[in-house]
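First up is the structure itself, then whatever we jot down about it.
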Amino acid sequence: MATRSDEIDRLDIQFRWGGYGFRVLRCHLATFSPGKIVRFHKHSEYEFHFIPRGKGTVIMEDTVHQLHEGLFYLTGPNVLHQQEADAREAMDELCLHIDIVPIPESDDEESWGDPWERHEAENCIQALNNLPLRPHVDQYNAMSWFLSAYRAWTEGQPGAFSSIKQSIIQILLRASRMSSVPNATFKPPSRNMNEHRFRIATQFIHDNYAQPLTLQEVAERIPISARQLQRIFREQGEESFSAYLENYRLSQVCSAIIEGQNPIEHIALEHGFASSNYLYYVFKKRFNMTPRQFRIQHTSVKSSGLDEKLKEMNRS
């Protein structure tokens, strides 16, 4: 970072984390020559200071604190402070200036696990706001994430923005661990395991329905016993595993018959039926017509009504 110390300052980095919006104003390496003084000032944003080399002092409000390699302190928002390098030794400082603003909660966030992230972000900001106004030893190694962010951009790493975002979040999280506020635990919502297992089983069926599938094989993928999986299918309102598999195969066969011109024999093998004769038997039993009669009857069906028609057949 010494050669291109303000490289990340040139980027307009803003992102959302939990219930907050973050905008990076500055993220750079500054060097204080021996004896240099930065007079009393304050910022409306959060300003994180890490000392990777040298020594000096910082005055926060009315208290003078000694600075040396490995220390960190936070000034802001609106903390009056003055910095001074040692009279005989230069001091380097990694600085992160970041605006943090609350964002109103939206209606669709809960479905994608956002409550967990919102809690972590909220807990982090609360801890930062209660960080004692003094230097701290960087015992959780937040300082190294400046270099991670810098490398992500200057080395052209794939997903550089995401890497920088995660680096900034790591700086905040690791700094917050030095707060006087205890790290409140949060238990994420627990799953209904039978619903979860049913979802895994049906997704596996959808992905592999054209291959021979057995109840035992799908159960092993979860993994649970075949008897337990059969019970879950019934619990979720399905007649049985085999009935669900057959119905799904038939729905795909119906789509293939309506949408394409492949022979019925080809469609049967392509969609998991051992032979066209078996498909004829199952199809006629299910729909009271043969696949060819179904094709003739639905040749004129408009594509816009296909989805609803298939849903209707699956419900019957």
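The values are calculated or read from the model by the stated rules, or taken from the named source; none is laboratory data. The model shown is predicted, which means the values in this text are computed figures rather than measured ones. So basically every Cβ, Gly included, is an ideal-geometry build from the backbone, and we count neighbours across all protein chains shown. Accessible surface is based on the protein model in full, side chains and every heavy atom, while ligands, DNA and RNA are left aside. Shrake-Rupley method; radii C 1.70, N 1.55, O 1.52, S 1.80 Å.
Within 22 Å of residue 62 (Cα to Cα), open to solvent by 10 Å² or more (accessible area, probe 1.4 Å) and out of contact with any strand residue (DSSP E or B) (no Cβ under 9 Å at 6 or more places or on another chain), is that true of residue 123?
Numbers: within 22 Å of residue 62 (Cα to Cα): no; open to solvent by 10 Å² or more (accessible area, probe 1.4 Å): yes; out of contact with any strand residue (DSSP E or B) (no Cβ under 9 Å at 6 or more places or on another chain): yes.
Against the criterion (within 22 Å of residue 62 (Cα to Cα), open to solvent by 10 Å² or more (accessible area, probe 1.4 Å) and out of contact with any strand residue (DSSP E or B) (no Cβ under 9 Å at 6 or more places or on another chain)), residue 123 does not qualify.
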Practice problem: Could you tell me whether any residue of region 19-27 is at positive phi, of a type in the set (Gly, Ala, Ser), surrounded by fewer than 19 Cβ atoms within 10 Å (Cβ to Cβ) and out of contact with any Ser or Thr (no Cβ under 9 Å at 6 or more places or on another chain)? | Solution: no
Expected output for region 255-266 (first residue touching a residue at least 40 places away in the same chain (Cβ under 8 Å), partner in a helix (DSSP H, G or I) and surrounded by fewer than 12 Cβ atoms within 10 Å (Cβ to Cβ), Cβ below 9 Å, 6+ apart or cross-chain) is 258/303; 259/303
Just one listed residue, out of 78, 129, is surrounded by fewer than 19 Cβ atoms within 10 Å (Cβ to Cβ), within 19 Å of residue 45 (Cβ to Cβ), of a type in the set (S, T, N, Q) and within 31 Å of the chain's Cα centre (by Cα), and it is 129
When restricted to 35, 70, the only residue small (Gly, Ala, Ser), open to solvent by 10 Å² or more (accessible area, probe 1.4 Å) and under 21 Å from residue 143 (Cα atoms) is 70
Would a scan of region 95-102 turn up a residue that is outside any loop (DSSP other than H, G, I, E, B), more than 19 Å from residue 178 (Cβ to Cβ) and open to solvent by 70 Å² or more (accessible area, probe 1.4 Å)?
-> yes
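Considering 244, 278, 248, which residue is assigned to a helix (DSSP H, G or I), exposed (fewer than 12 other Cβ atoms within 10 Å of the Cβ) and among the hydroxyl-bearing types (Ser, Thr, Tyr)? Explain how you work it out, then say what you get.
Working: 244 fails: exposed (fewer than 12 other Cβ atoms within 10 Å of the Cβ); 248 fails: exposed (fewer than 12 other Cβ atoms within 10 Å of the Cβ).
278 is the lone residue from the list that is assigned to a helix (DSSP H, G or I), exposed (fewer than 12 other Cβ atoms within 10 Å of the Cβ) and among the hydroxyl-bearing types (Ser, Thr, Tyr).
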Those residues of region 163-216 that are in contact (Cβ under 8 Å) with a residue 40 or more places away in the chain and among the aromatic types (Phe, Trp, Tyr) come to a total of 2
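Please enumerate the residues belonging to region 257-275 that are of a type in the set (Val, Ile, Thr) and either open to solvent by 90 Å² or more (accessible area, probe 1.4 Å) or more than 43 Å from the chain's Cα centre (by Cα) (or both). Step through it out loud before you land on a result.
So the first thing to find is which residues in region 257-275 are of a type in the set (Val, Ile, Thr), and the list is 257-258, 264, 267.
264, the sole residue that qualifies.
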